[in-house]
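Undergrad: Below you will find the structure I want to go over with you.
The values are calculated or read from the model by the stated rules, or taken from the named source; none is laboratory data. Keep in mind it's a predicted model, so treat the numbers as computed, not measured. When we count neighbours, we look across all protein chains shown, and the Cβ atoms used for this are built from the backbone with ideal geometry, even at glycine. We work out accessible area using only protein heavy atoms, side chains counted, and drop any ligands, DNA or RNA first. Shrake-Rupley method; radii C 1.70, N 1.55, O 1.52, S 1.80 Å.
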Amino acid sequence: MLLLGIDLGSSSVKVSVIDGGLGTTIASAFNPKDEMKIIAEKPGWAEQEPDTWWDNLKAAINDCCRQIGNLKYDIGAIGISYQMHGLVAIGSDHRVLRPSIIWCDSRAVETGENAFIEMGKGYCLSNLLNSPGNFTAAKLAWVKRNEPEIFKRIYKIMLPGDYVAMRLTGNIMTSFTGLSEGIFWDFKENRVSEKLMEHFGFDPDILPEAKPSFSEQGKLLKSAAGELGLPEGIPVSYRAGDQPNNALSLNVFDPGEVAATAGTSGVIYGVTDQKKFDQHSRVNTFLHVNHEPAGPRLGVLLCINGTGILNSWMKRSTGNLLSYDEMNEQAYRIGPGSDGLSVLPFGNGAERMLMNRDYGATISGLNFNIHSIPHLFRAAQEGIVFAFRYGFDIMKETGINPQVIRAGAANMFLSRVFRETLSCVTGTEIDLYNTDGSAGAARGAGFGCGYYRSREEAFRSLQSVGTTEPDESKSGIYEEIYERWKKNLAALQV
């Protein structure tokens, strides 16, 4: 059986087709070839048009179908991974009422913080395991208050992956993990939080029916199949947010296992069986894809908004003259600390680990007689890593303290500077694997349709392609640089 995985990001939509038995990728494509547009009508806002997601999904799937020809008729299941925490609102005709408010949009920060206080911090942390913060529920409350005419017309709200699934199958559904990532889930009661719904004045019917991440959630419509170039009737059997899905793609299911990504945003995601939380909600806890009431599996997530997007900004702002590989090589030629140049990478909206403050990015210590473009490249990558370390220390307070971090061989993890610095400042081994989010979604579909009966079957082809261990001779140097970086951050927060 072939399995098709969709990874809906904020930069592009990637699709992979894997041979379920061998576990190998036989086709892969992404669209657009540059980056999807993010609409920012006001500072701190970030929106995307769901129709654009669908157009790019069509292009990527059509490309995969061209690669595999008639083998497309062997595709037995579809899985979906998607950018988390977004809000899609549709009317009773299933049409989108406004652009999606996506994950890095900061407009609902005040709404969420007020709810944190008004509902009671004790309730929010013990029951929701999070502040309502800037998540989907708070974004919907912002729409209710600021766009009342649109709110009145809302039939259902969805996460980005739910929207894609609706376009594929015609069914309006979500997942239990999705409800938790939107901060709708009461972890004590194991159901949607009645107190949160009442506080915001939401009718429970505004939420779609929820199903397990691994389950059949509809079949590919004839109309959608025609657009995508696929046979109709293929079941959609898996959906999850991009970070739980990244963990799945790396075979991270059990307490103590940790995954990381460094795409547009950067994430460390650790699995636990304990309902723990950070008192300030700087790291966040959600249901993991394999959670069951009798066998709790929760994901503790650290998110840094400004990761690959900072690297992308550096590329554009220096004239797009170099590839990312060339940028990485130039950064590696500069010594640790970039000769005193330091970057705080917080230029992509409010940062959860900084108490939902939007400080903007900062470049400090710049000397016109010393520093060059390669210094900027290195300082940016080091700044991103130091942001990881800052959040990593917060995660330890919730019991996540790994010795090994697993990541796909992609994005920032392709940089030696990034890997070496991260390994040294966190004291962890970094293991890279030959997988990505779309391949993970395909494997998830294999679990959901019952094709895979065990993790061993699903991940027999998962191979380590590189390991970076802490360099003790450099750890002290990086620790000194990190302490200077923290002083710059502290000065920014005054």
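Undergrad: On a straight-distance basis, which aspartates and glutamates could pair with K219 in a cross-link, Cα separation under 19 angstrom, same-chain partners fewer than 8 positions away excluded?
TA: Output for K219: D7, D74, D162, E209, E227, E232.
Undergrad: Given a cut-off of under 8 Å on Cα pairs at least six residues apart, what relative contact order in percent is computed for segment 399-494? Intermediate values should be presented prior to the final figure.
TA: Working: 95 pairs, mean separation 31.5, N = 96.
After rounding, I find 33 percent.
Undergrad: Now for a separate question. Hand me the GluC sites (Glu not before Pro) from segment 6-88 located in a DSSP loop with no more than 16 other Cβ atoms within 10 Å, in residue order please. Each step should come with its number before you reach the end.
TA: Working: sites: E35, E41, E47; in loops: E35, E41.
Passing sites in segment 6-88 are E35, E41.
Undergrad: Rounded to a whole number, what % of the accessible area of the chain do carbon and sulfur atoms account for, probe 1.4 Å?
TA: Percent of accessible area from carbon and sulfur atoms in the chain: 48.
Undergrad: Could you tell me which of L248, L341, S10 has its Cα farthest along the dipole of the chain towards the positive end, charges placed at Cβ (Lys, Arg +1; Asp, Glu -1), taken about the Cα centre?
TA: Comparing the listed Cα positions along the dipole, S10 ranks first.
Undergrad: As a quick test, which of the pairs K58/K211; K72/K315; K37/K222 have an alpha carbon distance above 27 angstrom in this structure?
TA: K72/K315; K37/K222
Undergrad: When Lys and Arg each count +1 and Asp and Glu each count -1, what net charge do the other residues less than 12 Å away from N171, Cβ to Cβ, add up to? All intermediate terms of the calculation are to be shown ahead of the outcome.
TA: Details: positive: K156, R167, K211, K219, R239; negative: D162, E209, E216.
Computed value for this residue: +2.
Undergrad: With charges only on Cβ, +1 for K and R and -1 for D and E, what is the dipole size of the chain about its Cα centre, in debye, rounded to 20?
TA: I would put it at about 440 debye.
Undergrad: OK, next. So, for segment 166-303, what is the accessible surface per residue at a probe of 1.4 Å, expressed in square angstrom?
TA: 33 Å²
Undergrad: Note down the magnitude of the dipole of segment 319-408 about its Cα centre, charges +1 on Lys and Arg C-beta and -1 on Asp and Glu C-beta and zero elsewhere, to the nearest 20 debye.
TA: With Lys and Arg at +1 and Asp and Glu at -1, about 200 debye.
Undergrad: Hey, if you put +1 on the Cβ of every Lys and Arg and -1 on every Asp and Glu Cβ in segment 113-156, which of L140, A115, F151 ends up farthest toward the positive end of that dipole?
TA: Sorting the options by dipole projection puts first F151.
Undergrad: Restrict the search to segment 290-344; then list the trypsin sites (Lys or Arg not before Pro) that DSSP places in a loop and that have at most 11 other Cβ atoms within 10 Å of their Cβ.
TA: R333
Undergrad: When only Cα pairs under 8 Å and 6 or more residues apart are kept, what is the percent relative contact order across segment 201-247?
TA: This gives 35 percent for segment 201-247.
Undergrad: So which chymotrypsin sites (Phe, Trp or Tyr not before Pro) in segment 332-411 are both in a DSSP loop and have at most 10 other Cβ atoms within 10 Å of their Cβ?
TA: Answer in residue order: F368.
Undergrad: Relative contact order (percent) for the chain, with alpha-carbon contacts under 8 angstrom and 6 or more residues of separation?
TA: 16 percent
Undergrad: Can you tell me which of 102-115, 50-63 comes out highest on packing, and rank the rest after it, using the mean Cβ neighbours within 10 Å? It would help to have the intermediate numbers written out before the result.
TA: On the way: 102-115: 21.8, 50-63: 19.4.
The densest-packed peptide leads the list: 102-115, 50-63.
Undergrad: By average Cβ neighbour count within 10 Å, what is the ranking of 322-330, 486-494 from highest down?
TA: Peptide ranking by packing, descending: 322-330, 486-494.
Undergrad: Past 27 Å, Cα to Cα: identify those pairs from K121/K188; K33/K139; K195/K396; K139/K276, in the order given.
TA: Exceeds cut-off: K33/K139; K195/K396.
Undergrad: Can I ask one more? Can you grab the distance from the C-alpha centre of segment 394-429 to the C-alpha centre of segment 84-116, Å, no decimals?
TA: Rounded to whole Å, the Cα centres lie 31 Å apart.
Undergrad: With unit charges on the beta carbons (Lys and Arg positive, Asp and Glu negative) and the dipole taken about the Cα centre of the chain, which residue among G170, L298, I400 sits farthest to the positive side?
TA: So the residue we want is G170.
Undergrad: On to the next question. Placing unit charges on C-beta atoms (Lys and Arg positive, Asp and Glu negative, everything else neutral), compute the dipole magnitude of segment 435-491 about its Cα centre in debye, rounded to 20.
TA: In debye, rounded to 20, segment 435-491 gives about 320.
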